[in-house]
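The values are calculated or read from the model by the stated rules, or taken from the named source; none is laboratory data. Because the structure is predicted, anything quoted here is derived from the model rather than measured. Here the Cβ positions follow ideal geometry from the backbone for every residue, glycine too, while neighbour counts run over all protein chains shown. Ligands, DNA and RNA are excluded from the accessible area calculation, which covers all protein heavy atoms including side chains. Shrake-Rupley method; radii C 1.70, N 1.55, O 1.52, S 1.80 Å.
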Amino acid sequence: MMSENIKDYDIVIIGGGPAGLAAGLYAARGNMKTVILEKLIPGGQLNNTLDVENYPGIDHVTGPQIAQAMEEQTKRFGCEIVNTCTISEVELSKGRHLIKSDRGIYRAQALIVATGSEYRKLNVPGEKEYSGKGVSYCAVCDGAFFKEKKLVVIGGGDSAVEEGNFLTKFASSVTIMHRRDKFRAEKIIQDRAFKNPKINVIWNTVVNEIKGDVMSVVGLKVKDVVTNEVRDFPCDGIFIYVGLDPNTQLFKDKLKMDSTGRLETNERMETSVSGVYAAGDVRETPLKQAVTAAADGSLAATMAIEYIESLHDSIVKAK
Ligand code: NAP
C-alpha cells in the first residue's frame with residue numbers, strides 16, 4: 001500500500017542553505033519531528049563563498065566553515081538531513097502536504113520552502129558551449145584553474161566585485177565588465193576592487209558572444225551600450241555574476257510569486273497556502289545574505305510550530 005511508504009514529519013524543510021538550516025534548528029529545538037531535504041549538500045550559496053565577514057559576531061569565516069557549523073548544530077538538536085534528494089512534485093493540502101522525491105514520499109503538517117536561488121545565465125552564444133571550458137559561475141570552485149590568465153568578470157553586484165577581487169589571487173588581470181556606469185556592490189567591496197592593481201573596470205558594456213577554440217574560451221564579442229561600438233576582447237576565461245534566479249519551479253501555480261518568480265510572503269513568512277512558509281533567497285526580500293536567510297528560517301520555523309499547535313488545538317476542541 002502506498003501509505004506504508006509515506007514518511008510522516010511535523011515539519012519538512014526543502015533546502016539546506018542558511019535559511020533551511022536555521023529553520024531546522026528552531027523546529028528541532030521546538031520539539032518538532034523535522035527533516036531537511038537538500039538537493040546536494042547543506043550550505044547552499046555559502047559553499048561558493050570564500051569569505052564571510054558580515055555575519056554578526058563572527059569576524060571572519062569561510063562560507064563552507066560556517067555552513068558546516070550550522071549543519072552540525074542543527075543535527076545536534078535532532079533535525080534529520082537528507083542529502084542529494086531530488087524532489088519531483090509537491091501536493092499542498094492543509095495539515096498534510098506531500099513531497100514526492102527520489103528518497104520516497106514525505107508528508108508534513110507544515111512545509112518550509114528554503115530552496116534558494118541559482119546563478120542567472122547571460123544567455124548569449126557560446127555560454128552553454130564553453131561552460132566548464134572557461135565559462136564559470138563560481139570563482140571559489142574554478143579560480144585556481146586560471147593561474148596567470150586574463151579573466152573577465154561580468155556584473156556589478158556584490159558577487160561580481162567581490163569574486164573579481166578574489167580571482168586576482170590567481171589571474172594576471174581581471175576585467176570587471178558592467179552594463180552601466182556604477183556598481184551596485186557594497187561600498188567597502190567596491191573600494192577594495194578600485195584599489196586592486198590587477199583589476200580594470202569597463203563600464204557600459206555587455207557581452208554579445210563568448211568565443212572559443214573548441215576546448216577553451218579565447219575571447220568575447222562585447223558592445224559599448226553608449227556608443228554601440230562592437231569589438232573583440234581577448235581573454236582566457238569569463239566568470240558570470242549577473243544575479244540569482246529563485247528555485248521555485250516546483251511551486252508554479254501552487255504558491256503566489258512576484259514577477260521575478262520569488263515567493264510572496266508576509267512578515268510571518270507565510271506564503272499564499274496555509275501551513276506553507278518560505279525563507280531566504282527564494283522569497284521576495286530586499287536583502288539576500290546568510291544572516292537574513294537564517295533570520296527568515298528561524299521565524300518560519302517558529303510560525304510553523306505555532307501553526308501545528310493550533311491545528312492540534314482545533315482537533316482537541318472538535319472532539
Ligand atoms: P545582484 O545584486 O542582483 O547583481 C547582479 C548584477 O548583474 C547587477 O549589477 C546587474 O546590473 C547585473 N546584471 C543583471 N543581469 C545582467 C545581464 N543580463 N547582463 C549584464 N549584467 C547583468 O546579484 P549578486 O551580486 O549575485 O548578489 C545577489 C545577492 O547576494 C545580493 O543581495 C547581494 O547583496 C548578496 N551577496 C552578498 C555578498 C556579501 O555581503 N559579501 C556577497 C555576494 C552576494 P544592474 O546593476 O545594472 O542591475
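Note on the stretch 57-81 and the stretch 253-293: Cα centroid distance 23 Å, given to the nearest whole angstrom. Put simply, the amide H of Val153, placed in the peptide plane, has neighbours under 5 Å in Thr175, Ile176, Met177, Phe239, leaving out anything fewer than 5 places away on its chain. Once you sort the root eigenvalues of the Cα gyration tensor of the chain as a ≥ b ≥ c, which label holds: rounded (a/c under 1.5), prolate (a/b larger than b/c) or oblate (the other case)? It comes out prolate by the Cα gyration axes. Does the stretch 4-149 come out rounded, prolate or oblate, given a ≥ b ≥ c as the square roots of the eigenvalues of its C-alpha gyration tensor, rounded meaning a/c under 1.5 and, failing that, prolate meaning a/b above b/c? Oblate, because a/c is 1.5 or more while a/b does not exceed b/c. Of all the options Gly237, Gly132, Gly261, the one that moves most in a Gaussian network model of the chain with Cα springs shorter than 10 angstrom is Gly132.
Counting only lysines at least 8 places from Lys150 when in the same chain, those with an alpha carbon closer than 26 Å to its own are Lys121, Lys128, Lys133, Lys169, Lys182, Lys187, Lys195, Lys198, Lys211, Lys221, Lys223.
Comparing mean-square fluctuations of Asp232, Asp253, Asp224 from a GNM of the chain with C-alpha springs under 10 Å, the top value falls on Asp253. Phi-derived couplings, Karplus 6.51 cos²θ - 1.76 cosθ + 1.60 at θ = phi - 60°, listed residue by residue for the stretch 259-275: 5, 9, x, 7, 6, 7, 9, 9, 6, 9, 6, 6, 8, 6, 10, 5, x Hz, with x used for Gly and Pro. The DSSP beta bridges internal to the chain are antiparallel in roughly 45% of cases. Bridge orientation summary for the stretch 75-193: considering DSSP beta bridges with both residues in this region, about 60 percent are antiparallel.
Could you tell me the relative contact order of the chain? Use alpha-carbon pairs under 8 Å, at least six residues apart, and round to a whole percent.
Here the relative contact order equals 21 percent.
When Leu287, Leu98 are compared by accessible area at a 1.4 angstrom probe, the order from most to least is Leu287, Leu98. Sort the stretch 121-240 into rounded, prolate or oblate with this rule: let a ≥ b ≥ c be the square roots of the eigenvalues of the Cα gyration tensor; rounded if a/c is under 1.5, and if a/c is not under 1.5, prolate when a/b is larger than b/c, oblate otherwise. Note, shape of the stretch 121-240 comes out oblate. Using the average count of surrounding beta-carbon atoms within 10 Å as a protection proxy, the listed peptides 66-77, 289-300, 29-40 rank, highest first, as 289-300, 29-40, 66-77.
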